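Reading through the structure tokens given below for one structure.
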Amino acid sequence: MNEHTVKNVETDDLRIAYIEYGPTDGWPVILSHGFPYDVHAYDEVAPILAAAGARIITPYTRGFGPTRFVSDNVMRSGQQAARGQDIIQLADALGLERLILGGFDWGGNASCVAAALWPERIGGLVSYAGYDIIDIASQRHPVAPSLERLFWYQHLFQTERGRECLTQYRLELCRMLWTEWSPNWHFDEATFVQSAVAFENPDFVEVVIHCYRHVFGLESGDPALEPLEDRLARKLTIKVPTVTIDGANDPLKPGGTADHACMFVGLHEHRVVDAGHNLPQQAPQAFADAVLKVRDWFLLKFHTDGELAQR
């Protein structure tokens, strides 16, 4: 078993920092966190999976924690194609094949992107909040005012006032989002502070601001990623075995995402858990169980395909 020390691997744009759990020859899993969270969201999920034989990688996403851009010339993009590609390049650097992806918030988005664009690389997916690939064209139009109110931070980030607010008050702002998004999760200050260290990354503000401005279609993305964004705009279906999860107490997803089922054309199961937005940290067993279900589906498909190939 591995020590839970921070390791690093270099990709085209990043020196990605990550924590690894489980045996080095275990079945591979990458668990991706969201904004404003970090790898500690999986502190209780990862040991459950490690005990089941998994090799778990929990990377700090671009702009968080010890992860760094390799050059000042690399665009500080927070767009979904960049974050999805980061997962695939991390897997390449570590030599991981047919891996299982899991994520929530930005991490769910990035995992869905990776599974949709590179399905041949992915053995299965656990996605919090259903089909989480962003339809940027639709983001130019409003949703119900009750939901727009919850998106106050996204509207704030469209302005330079918002950039200044995130720079000066990042801890207060992020703590507020934790509280609003998981209203029944009573985390203590030590839990928040442990993750908040990751927000001191020198590129945190730039990546976050770019993410939400690009989502609204108000700021251009990395030109090199435009072909990937064009493919995502066509609303690619996800073919890999997938378990989707909703948090029953997540105000950002009123009514849940069960209606996303048509976007998953392989094996698919939808679950609802009594938790808020940060489901892995609030209900770690439920998240781990979803990963184990996808693992079982993949093994079943692997053995079935192998038997058919021998006939």
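The values are calculated or read from the model by the stated rules, or taken from the named source; none is laboratory data. As the structure is a computational prediction, the values presented were derived from the model and not from experiment. Cβ placement follows ideal geometry from the backbone for every residue including glycine, while neighbour counts extend to all protein chains displayed.
Numbers for the structure displayed
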| item | result |
| --- | --- |
| Those residues of region 242-255 which are out of contact with any Gly (no Cβ under 8 Å at 6 or more places or on another chain) and under 20 Å from residue 135 (Cβ atoms), in sequence order | 252, 254, 255 |
| Conditions (1) touching a helix residue (DSSP H, G or I) at 6+ places or on another chain (Cβ under 9 Å); (2) at pLDDT 95 or above; (3) not in a strand (DSSP E or B): number failed by residue 9 | (3) |
| All positions within region 206-246 that are closer than 25 Å to residue 173 by Cα and under 18 Å from the mean Cα position of the chain (by Cα) | 207, 208, 209, 210, 211, 212, 214, 215, 246 |
| Leading residue by the ranking (farthest from residue 99 (Cα to Cα)) among those in region 241-255 that are of a type outside the set (Asp, Glu) and outside any loop (DSSP other than H, G, I, E, B) | 247 |
| Subset of region 30-51 that is more than 25 Å from residue 205 (Cβ to Cβ) and not acidic (Asp, Glu) - its residue that is surrounded by the fewest Cβ atoms within 10 Å (Cβ to Cβ) | 51 |
| Residues located in region 53-77, provided they are under 20 Å from residue 221 (Cα atoms) and of a type in the set (A, V, I, L, M, F, W, C) | 64, 69, 70, 74, 75 |
| Among the candidates 105, 72, residue that is without any contact (Cβ under 8 Å) to a residue 40 or more places away in the chain and within 22 Å of residue 167 (Cα to Cα) | 72 |
| Neighbours by Cβ (under 9 Å, 6+ apart or cross-chain): first from region 174-195, closer than 28 Å to residue 155 by Cβ; second surrounded by fewer than 17 Cβ atoms within 10 Å (Cβ to Cβ) and at pLDDT below 95 | none |
| The lone exception for residue 202 - which of (1) in contact with a strand residue (DSSP E or B) (Cβ under 9 Å, 6 or more places away or on another chain); (2) in a loop (DSSP other than H, G, I, E, B); (3) surrounded by 15 or more Cβ atoms within 10 Å (Cβ to Cβ) it fails | (3) |
| Selected residue [assigned to a helix (DSSP H, G or I), closer than 21 Å to residue 253 by Cα, of a type in the set (A, V, I, L, M, F, W, C) and at pLDDT 95 or above] from 232, 166, 173, 228 | 173 |
| Residue match in region 86-99 (condition: among the small types (Gly, Ala, Ser), under 20 Å from residue 211 (Cβ atoms), touching a residue at least 24 places away in the same chain (Cβ under 8 Å) and surrounded by 22 or more Cβ atoms within 10 Å (Cβ to Cβ)) | no |
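Residue-wise test of (1) β-branched (Val, Ile, Thr); (2) more than 29 Å from residue 179 (Cβ to Cβ).
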{"residue": "19", "(1), (2)": "yes, no"}
{"residue": "33", "(1), (2)": "no, no"}
{"residue": "54", "(1), (2)": "no, yes"}
{"residue": "60", "(1), (2)": "no, no"}
{"residue": "79", "(1), (2)": "no, no"}
{"residue": "106", "(1), (2)": "no, no"}
{"residue": "120", "(1), (2)": "no, yes"}
{"residue": "126", "(1), (2)": "yes, no"}
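Residues checked against (1) closer than 16 Å to residue 111 by Cβ; (2) β-branched (Val, Ile, Thr); (3) modelled with pLDDT of 95 or more:
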position	(1), (2), (3)
208	no, yes, yes
214	no, no, yes
217	no, no, no
220	no, no, yes
238	yes, yes, yes
241	yes, no, yes
249	no, no, yes
252	no, no, yes
262	no, no, yes
